[in-house]
C-alpha cells in the first residue's frame with residue numbers, strides 16, 4: 001500500500017483512555033494500551049486529568065514505536081468537551097467533565113441564548129452535554145476567562161494541538177450536540193456570536209485533514225522519525241461509522257457502543273428528530289447530517305450488573321424468557337429515549353450476581369437499542385461496534401427484536417479502525433460476523449412485544 005501503514009490511534013473515551021496501533025493494510029489492531037479516564041474533583045470543578053492522560057499517551061507512543069513502529073497518528077475522543085487555550089497554548093481553565101451539573105446553574109439564561117432545535121438538531125441535554133452550555137457557564141462563573149481564552153478547540157484537536165501546536169476543530173465534534181453548529185447547512189450557528197467566540201473558535205476542518213506533524217521534542221522523546229503526520233481527528237462514534245460509510249450502500253445502521261450506545265442510521269426512513277427522546281443530528285466525517293439516537297448503555301450495564309457480574313446460562317435465559325422477567329427503562333433517566341422514567345422490574349427482580357439478572361440486563365440493553373433504531377428511522381443491516389459486539393445475547397436479541405440482519409465487528413476497539421482510516425479511504429470490508437438465528441428466537445420475539453407493551457403502559 002502507499003501512504004502510512006501503522007497508525008497510532010489516541011482514543012479518549014469517557015471510561016477509558018486507549019492508544020491503539022492499527023495496521024491499516026490488514027485492518028487490525030496490533031496492540032492496545034489503556035488507562036482509566038480519571039476525573040479530578042477540582043478546583044475549580046470536576047475536570048479531566050489531561051496531564052495524566054498526556055503522560056500515558058507519550059509513554060504508549062514510545063512503547064508502540066519500540067515494538068512495531070509508527071507511521072502516523074490519529075485521534076478520536078468522546079464528544080461534549082472543549083478545550084479553552086490561553087495565548088501561550090496552555091489551558092486557560094481545566095476541561096470540564098460534561099457530567100458535572102454546574103451548567104444547570106445558568107440554564108435559564110442559556111436557554112434564552114441557544115438556537116432552536118430545528119436549526120441545530122441539538123437537544124437541550126443534562127449537565128454540560130451541550131458544549132455551548134459549558135462555555136456559557138464557564139464564562140459566567142469566571143469573569144476573566146473569556147478574555148484569557150485565545151482559542152477554543154473541540155476535544156480531539158486538543159490532543160492534536162499537544163502533538164503539533166496547531167489549533168483546529170473538526171466537523172464531527174462540532175456537530176455533536178454542541179448547539180454551535182447547523183448540521184444541514186454546514187455552518188456555525190448563531191450561538192457563536194451570542195457567546196462572543198467567533199474569533200476564538202478554532203477553524204473547523206474535516207477529520208481526515210492532516211493537522212501537522214509531531215513536534216520535534218515529542219518525536220525525540222517517543223523515538224518517532226521526524227515528520228510523522230497527525231490527522232485532524234474525529235468524534236468517536238463517527239470513527240465507528242466511517243468504515244461503513246466508505247464501504248456500504250444505504251440503508252444501514254451502525255451501533256457504536258461504549259459508555260454511550262449511539263445508533264446512527266444512514267438512508268433510513270425520513271423521521272423528525274425528537275429532542276425529548278435523545279434523538280438528534282450528528283455530522284459524519286464528510287460533513288453530512290446523520291439521524292442518531294443514544295442512551296448510556298455502557299453505564300447502564302455497569303450499574304445493572306453491580307459489583308458481581310455474572311455470565312448468562314441457557315437455563316437462566318429460558319427462565320427469563322418464559323417468565324418474561326423484564327427490566328424497564330431507564331437506569332440512567334436523564335438521557336436516552338425514555339428520559340424521566342425510573343427503571344423497574346416486571347416479575348421478581350433477580351439478585352445481583354445471578355445469571356438471570358445478566359440475561360434480563362442483556363435483553364433490556366438490546367430492547368433499548370432496538371427502540372433507538374426505530375426512532376432514528378433505521379432500515380437495513382445493523383453493524384454493532386465496540387464492547388457490546390462481544391455480548392452474544394445482546395446481539396441475538398437485537399436481531400430478533402428488529403427483524404434486521406445484525407453483524408458484530410471483530411475489532412476490540414471499534415473506534416480505532418475508523419480513526420486510522422482517516423489516512424485511507426479504502427472501501428475494503430471490515431471483519432464482521434453475522435449473528436445467527438438463535439434457538440430462542442420465537443420466545444425472544446414474544447418477549448420484545450411484551451417489553452414494548454409494558455413500556456408503553458408505563459409511559
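No value in this document is a laboratory result; all are computed from the given coordinates. What you are looking at is a predicted structure, and each value in this text was computed from that prediction instead of being measured. All Cβ positions, even for glycine, are placed from backbone atoms using ideal geometry, and neighbour counts span all protein chains on display.
Rounded to two decimals, what is the ratio between the C-alpha radius of gyration of the stretch 341-459 and 2.2 N^0.38 Å?
On the way: Rg = 16.1 Å, N = 119, 2.2 N^0.38 = 13.5 Å.
Against the compact-globule rule of thumb, the ratio is 1.19.
Output the antiparallel fraction of DSSP beta bridges having both residues in the chain, as a percent to the nearest 5. Please list the in-between numbers first.
Values: 48 of 68 bridges.
Expressed as a percentage, antiparallel bridges in the chain total about 70.
For residue 354 and residue 209, calculate 0.36 nm times their separation in residues minus their Cα-Cα distance, and state this gained length in nm to one decimal.
Values: separation 145, 0.36 × 145 = 52.20 nm, distance 4.91 nm.
Result for the pair: 47.3 nm of gain on full extension.
Would you kindly give the portion of the calculated P(r) for the stretch 225-312 that falls above 20 Å, as a percent of all Cα pairs? Intermediate values should be presented prior to the final figure.
Values: 1797 of 3828 pairs.
Cα-Cα pairs of the stretch 225-312 separated by over 20 Å account for 47 percent.
What ranking, highest mean first, results for peptides 218-231, 128-141 when packing means the other Cβ atoms within 10 Å averaged over each residue? Display every interim value, and only then the final one.
Values: 218-231: 17.4, 128-141: 23.9.
Ranked from most to least packed, the peptides come out as 128-141, 218-231.
Mind checking the log10 I(q)/I(0) for the stretch 362-411 at q = 0.19, 0.28, 0.31 Å⁻¹? Debye, one equal scatterer per Cα, no solvent, two decimals.
Taken in order of the listed q values, log10 I(q)/I(0) reads -0.52, -1.13, -1.33.
So if I average 1/r over every pair of distinct C-alpha atoms in the stretch 168-296 and take the inverse, what Kirkwood radius in Å does that give? Don't skip to the end; give the middle numbers.
Values: mean 1/r = 0.0615 Å⁻¹.
Computed over the stretch 168-296, the radius equals 16.3 Å.
Nearest-5 percent of antiparallel DSSP beta bridges in the stretch 237-458? Could you put the intermediate results ahead of the total?
Details: 20 of 28 bridges.
Restricted to the stretch 237-458, the bridges split so that about 70 percent are antiparallel.
Can you check how the C-alpha radius of gyration of the stretch 6-232 compares to 2.2 N^0.38 Å, as a plain ratio? List each step's numbers first, then the result.
On the way: Rg = 17.6 Å, N = 227, 2.2 N^0.38 = 17.3 Å.
Expressed relative to 2.2 N^0.38 Å, the Cα Rg reads 1.02.
Expressed as a whole number of Å, what is the distance separating the alpha-carbon centroids of the stretch 138-193 and the stretch 243-307?
Computed from Cα coordinates, the inter-centre distance equals 22 Å.
Looking at the calculated P(r) for the stretch 237-458, what percent of the C-alpha pair distances fall above 27 Å? Before the final figure, lay out each step's value.
Numbers: 6803 of 24531 pairs.
Distances greater than 27 Å cover 28 percent of the Cα pairs.
What's the extension gain from residue 431 to residue 308 if we count 0.36 nm per residue and subtract their Cα-Cα distance?
Numbers: separation 123, 0.36 × 123 = 44.28 nm, distance 3.22 nm.
Additional length available on full extension: 41.1 nm.
Return, ordered by residue number, the residues of the stretch 19-50 whose backbone nitrogen is under 15 Å from a label point located 7 Å along Cα→Cβ of residue 141.
Once the point is set 7 Å along Cα→Cβ of residue 141, 40-48 turn out to lie under 15 Å by backbone N, inside the stretch 19-50.
Quick check: from the Cα gyration tensor, does the stretch 334-401 come out rounded (a/c under 1.5), prolate or oblate? Could the numbers behind the result be given before it?
On the way: a/c = 2.20, a/b = 1.29, b/c = 1.70.
Note, shape of the stretch 334-401 comes out oblate.
Run lengths n ≥ 4 of DSSP H only: what is the helix-derived mean residue ellipticity at 222 nm for the chain, with -39500 (n - 2.57) per run over all residues, to the nearest 500? Intermediate results must be reported in sequence, preceding the final value.
On the way: 16 runs with 158 residues, N = 459.
Roughly -10000 deg cm²/dmol at 222 nm, from the helical runs in the chain.
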